[in-house]
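Remarks on the structure that follows.
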Amino acid sequence: MPDPLDVRPAAGPSDDAQEAGPAPALSRRGFIQSALAGAALNAAPRTVGAAAKPAVPAAAAPAPVPAAPPQPVRLNINGKDYQLALEPRVTLLDALRETIGLTGTKKGCDRGQCGACTVMLDGRRVNSCLTLAVMAEDRKIVTVEGLGAGNDALSPLQAAFIAHDAFQCGYCTPGQLCSATALLGELRAGAASAVTPDVRGRPALTDDEIRERMSGNICRCGAYPNIVRAIRIVAAGQA
Ligand code: FES
Ligand code: FES
């Protein structure tokens with residue numbers, strides 16, 4: 001049976017062919033095979049030229065910068081003074097957790113994106129992972145351990161978070177609580193937010209206001225509806 005890919009021309013008289021003798025016939029199969037082989041050769045890395053080039057020397061690694069020596073730092077945390085010796089590069093978060101042992105403040109992203117490390121500095125919330133400990137000297141630091149009234153008493157927000165099921169795993173909760181505590185202070189002071197419709201008046205306590213003001217605190221468990229409810233109930237009680 002003839003090969004359907006074999007389309008060699010039918011043999012016939014040809015002056016050139018007769019003079020040069022029988023030429024090898026090029027079938028379609030043969031043409032495709034040689035074309036593929038050529039393409040493969042072109043695609044292969046050209047190592048001959050590359051091997052001839054001298055290797056570029058790698059850039060020398062920068063010399064490590066020696067750590068600055070520890071220096072005395074005095075921190076006031078939850079009403080108590082701590083005299084520490086810290087390298088200037090130590091964050092407030094690491095000082096709290098690693099040096100002092102206040103592990104209620106959590107490390108999530110360590111780059112200012114999740115809010116798990118939120119504490120209050122002079123009543124204002126900050127990401128402690130983005131705050132150097134030396135920057136907090138002589139300021140009043142409040143962590144989740146200091147929100148209650150002492151003797152393990154819960155703050156109204158802590159009690160509301162429990163009563164309204166405002167957490168699941170609880171990892172974000174210390175940051176949520178510090179942030180919400182500062183939020184209540186902002187509302188009492190009449191501070192406007194990005195969603196306050198009329199910045200000339202006192203902001204109304206809407207869920208939009210609470211969501212906007214809590215937007216820096218991420219909850220991977222998605223407990224947001226109950227977090228908003230707990231804050232709204234406490235804020236309404238303080239209004
Ligand atoms: S750990 Fe500080 S913002 Fe995430
Ligand atoms: S309760 Fe789990 S991350 Fe918020």
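Here, each number is a calculation from the coordinates, and none is a lab measurement. The model shown is predicted, which means the values in this text are computed figures rather than measured ones. Cβ coordinates were reconstructed from backbone atoms using ideal geometry, including for glycine residues, and neighbour counts include every protein chain displayed.
Would you mind classifying region 125-169 by shape? Square roots of the alpha carbon gyration tensor eigenvalues, ordered a ≥ b ≥ c; an a/c under 1.5 is rounded, otherwise it is prolate if a/b is larger than b/c and oblate if not.
Here region 125-169 falls in the oblate category.
Taking the Cβ of Ser179 as the center, what net charge do the other residues with Cβ under 11 Å away carry, scoring Lys and Arg +1 and Asp and Glu -1?
Net of charged neighbours comes to +2.
With a/c under 1.5 counting as rounded, go ahead and sort region 87-239 into rounded, prolate or oblate using the C-alpha gyration tensor (a ≥ b ≥ c being the square roots of the eigenvalues; past the cut-off, prolate if a/b is larger than b/c, else oblate). Judged from the Cα gyration tensor, region 87-239 comes out prolate (a/c at least 1.5, a/b above b/c).
Between Asp207 and Val65, what length comes free when the chain is fully extended (0.36 nm per residue of separation minus the Cα-Cα distance, one decimal in nm)?
Residue separation times 0.36 nm, minus the Cα-Cα distance, leaves 46.3 nm.
The mean sequence separation of alpha-carbon pairs under 8 Å and at least six residues apart, normalised by the residue count of region 97-239, gives a relative contact order of 26 percent. Applying the criteria of a DSSP loop state and at most 11 other Cβ atoms within 10 Å to the trypsin sites (Lys or Arg not before Pro) of region 153-239 yields Arg200.
Centroid-to-centroid, using Cα positions, region 169-234 and region 94-138 are 19 Å apart.
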